[in-house]
1. Pick out the one residue from Leu174, Leu107, Leu130 that is under 25 Å from Tyr253 (Cα atoms) and outside any strand (DSSP E or B).
2. Do we find a residue being within 27 Å of Phe201 (Cβ to Cβ) and under 25 Å from the mean Cα position of the chain (by Cα) anywhere in the stretch 386-398?
3. From Val413, Val409, Val399, Val391, grab the single residue that is surrounded by fewer than 17 Cβ atoms within 10 Å (Cβ to Cβ) and either assigned to a loop (DSSP other than H, G, I, E, B) or hydrophobic (A, V, I, L, M, F, W, C) (or both).
4. Taking the stated definitions as given, is Leu130 outside the structural domain of Asp96 (by TED's automatic domain parsing), modelled with pLDDT of 95 or more and surrounded by 20 or more Cβ atoms within 10 Å (Cβ to Cβ)?
5. Modelled with pLDDT of 95 or more, within 16 Å of Cys324 (Cβ to Cβ) and not charged (D, E, K, R): is that true of Thr421 in this structure?
6. In this structure, is Phe378 crowded, with 18+ Cβ neighbours inside 10 Å, without any contact (Cβ under 8 Å) to a residue 12 or more places away in the chain, of a type outside the set (Gly, Ala, Ser) and not assigned by TED's automatic domain parsing to the domain that holds Val160?
7. List pairs: first in the stretch 245-258 and outside the structural domain of Lys286 (by TED's automatic domain parsing), second among the small types (Gly, Ala, Ser) and not in a strand (DSSP E or B), Cβ under 7 Å, 6+ apart or cross-chain?
Amino acid sequence: MEFIGKMKLRSEILRSSDWMGGWSYAIGQGTRICGLRNTGGWPAMEADRMEKEQQRITRKRPRSAWDVVPPAQEANKALAVVKNEVKRHASPPRRDDDREGHYVFNLGENLTPRYKILSKMGEGTFGRVLECWDRQTREYVAIKVVRSIRKYRDAAMVEVDILKHLAQNEMGSLRCVQIRTWFDYRNHICIVFEKLGPSLFDFLKRNKYCPFPVDLVREFGRQLLESVAYMHDLHLIHTDLKPENILLVSSEYIKLPGCKRMLEMIQRVSSDETQFRCLPKSSAIKLIDFGSTAFDNENHSSIVSTRHYRAPEVILGLGWSYPCDLWSIGCILVELCSGKALFQTHENLEHLAMMERVLGPLPGHMIQSADQNAEKYFKRGSRLNWPEGAVSRESIRAVKKLDRLKDMVSQYVGFSRSLLTDLLYDLLKYDPSERPTARQALNHPFFKSIA
């Protein structure tokens, strides 16, 4: 009950934006531009609406126990060093944060006497992730250093609570990133994670967006569904599933002859890297970034998920629950087996038009139930206002070039095409009530087939 109470007190932050990307270890919103078509960003009206929405849902909550500095016992544990090492491993002189509240550091400095900063792994809206050496446990760790702004500190502490909650079960430790500890350092919440490998998106990018073999897609999908099923059993909804938030446990890989897309690039780029593609030695993955995770029974913000993985019920303002995670998984599986994001868009009407192009027309009952903000996307309340409402000819072309889902999958997948396509159609059902649960999806024949 105490944990649920903290969740209900939190300051909800609208983290989903049309330009959201991701950095390892849940550092928040970045800018994902690689491999995506730039349509010019949001229309001003939508940007204004989202700004107002953020102002509406951001509220000040009562001071909680975790707003204060950890007790001496916890602090001493985080800063554990013997007395004769304190001077040698002392923290650097105190500096002002940068204009955005990020912690300012130099490589080789200490983050408390316990941790030595080795490199910056990423940066985003919520903070920076640093690779550090833990002198106490003698291992490499990833530390998320959160900006010294109240709303980000609040969100970080909610994430700490969720991470501890998930780690209480073996499945949580196996499928979700493990938190080592946390501490408050110079007004920055610092969350210490186990150090994992690259994200699936980073791996795709390294391979020039060549798709993963279907066997790997099957293993990734199985583990991802197991992670989400475990979260849903705890009444938690991740809400921000995407390849950037799925990390390989190991960084080790092997090199194989390049895929067709990579070999075609040899004519344009003379490089040894273009002749080979990398495959991970291990298929083990872990889920990260629980900063947007929500309880099913708490008040929900109207917009969740990174644009490309956002479910139709979110766009139409119909409310959302567990099924929005299953839609995201469907989009992710298409991307892993094709190398391309399924819906490469940054605008709602175009997004809905892409859905209809790939999956067929939206159900009438969902259109009729759409909220006032979504009514403008439809003509006389029954048909999508497309292509009449398109913002540009480029937008119309982007929709027209998309294939039906079954044709799209058949270009990349051979033996298991029909089984995978069947699973994807289940996960990408428009009506959230018709999508399978994560546990039901795990029983699909695709996960029992052998390619």
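1. Residue meeting the stated conditions: Leu174.
2. Yes, the stretch 386-398 has at least one match.
3. Working: Val413 fails: surrounded by fewer than 17 Cβ atoms within 10 Å (Cβ to Cβ); Val409 fails: surrounded by fewer than 17 Cβ atoms within 10 Å (Cβ to Cβ); Val399 fails: surrounded by fewer than 17 Cβ atoms within 10 Å (Cβ to Cβ).
Result: Val391 is the single residue among Val413, Val409, Val399, Val391 that is surrounded by fewer than 17 Cβ atoms within 10 Å (Cβ to Cβ) and either assigned to a loop (DSSP other than H, G, I, E, B) or hydrophobic (A, V, I, L, M, F, W, C) (or both).
4. Against the criterion (outside the structural domain of Asp96 (by TED's automatic domain parsing), modelled with pLDDT of 95 or more and surrounded by 20 or more Cβ atoms within 10 Å (Cβ to Cβ)), Leu130 does not qualify.
5. no
6. When the stated conditions are applied, Phe378 passes them.
7. No pair meets every condition.
Residue-wise test of (1) within 24 Å of Arg95 (Cα to Cα); (2) crowded, with 20+ Cβ neighbours inside 10 Å; (3) charged (D, E, K, R); (4) at pLDDT 95 or above.
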| position | (1), (2), (3), (4) |
| --- | --- |
| Tyr140 | no, no, no, yes |
| Lys164 | no, no, yes, no |
| Cys176 | no, yes, no, yes |
| His188 | yes, yes, no, yes |
| Ile191 | yes, yes, no, yes |
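The values are calculated or read from the model by the stated rules, or taken from the named source; none is laboratory data. Quick caveat: nothing in here was measured; it's all calculated off a predicted structure. Here the Cβ is made from the backbone with ideal geometry for all residues, glycine too, and neighbour counts use every protein chain on show.
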